[in-house]
Amino acid sequence: MKTTWLLAALSLSVSAAAIAATDKEAQIVERIKPVGDVYLAGDEPVNTAPAGPRSGDQVYNAVCIACHSGAIPGAPVKGNADEWAPRLEKGLDALVSSAMNGLNAMPPQSAMASEEEIRAAIEFMSK
Ligand code: HEC
């Protein structure tokens, strides 16, 4: 009889501890959730999705500048007509395709910008 009570009391306290642990876990998850999710009551969440295709200027400055500013040997430098002339002879479509799919030391840019944005960036860079 004594043992039964003891067991019952034990299992009660164990399950209470389990509930407390889940509760604590929920509190921790709530505390460490990304700040971006939190906004004051009454405020609209900020929409950070881009409104439309980025301009050539924007894409160049966000992506292509890493190599096409003169930092990487072989990458035609923005605004350098001599370096761009032989490239432009291939035609804009061929250049867009090179940038989308990659060419030698240039990794494919298709994950960084849309085809339309890459086309605009090439037009911006090659002038
Ligand atoms: C990691 C460095 C790197 C980045 C980032 C990069 N490029 Fe390049 N790019 C190169 C290199 C190197 C070449 C020269 C490749 C060759 O001719 O061997 C090149 C060549 C090119 C060419 C000439 C292709 C041809 O067919 O002659 C175009 C157009 C071009 N890049 C566009 C872009 C655009 C647009 C972006 C940004 C969206 C970009 N690149 C980002 C390194 C880069």
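No value in this document is a laboratory result; all are computed from the given coordinates. Keep in mind it's a predicted model, so treat the numbers as computed, not measured. Note that each Cβ is placed from the backbone with ideal geometry, even for glycine, and that neighbours are counted across all protein chains shown.
Odds and ends about this structure:
- Residue satisfying all of: in segment 55-78; touching a helix residue (DSSP H, G or I) at 6+ places or on another chain (Cβ under 7 Å) and outside any helix (DSSP H, G or I); farthest from the ligand (Cβ to nearest atom) among these: SER55
- Candidate set from segment 111-127 (those that are more than 9 Å from the ligand (Cβ to nearest atom) and either polar (S, T, N, Q) or in a loop (DSSP other than H, G, I, E, B) (or both)); member that is farthest from GLY79 (Cα to Cα): ALA111
- Complete set of residues in segment 79-98 that are touching a helix residue (DSSP H, G or I) at 6+ places or on another chain (Cβ under 8 Å), more than 6 Å from the ligand (Cβ to nearest atom) and under 19 Å from GLU115 (Cα atoms): LEU88, LEU92, VAL96
- The set of residues in segment 99-110 that are near the ligand (Cβ under 9 Å from one of its atoms) and over 17 Å from SER55 (Cα atoms) comprises GLY102, LEU103, ASN104, ALA105, MET106, PRO107.
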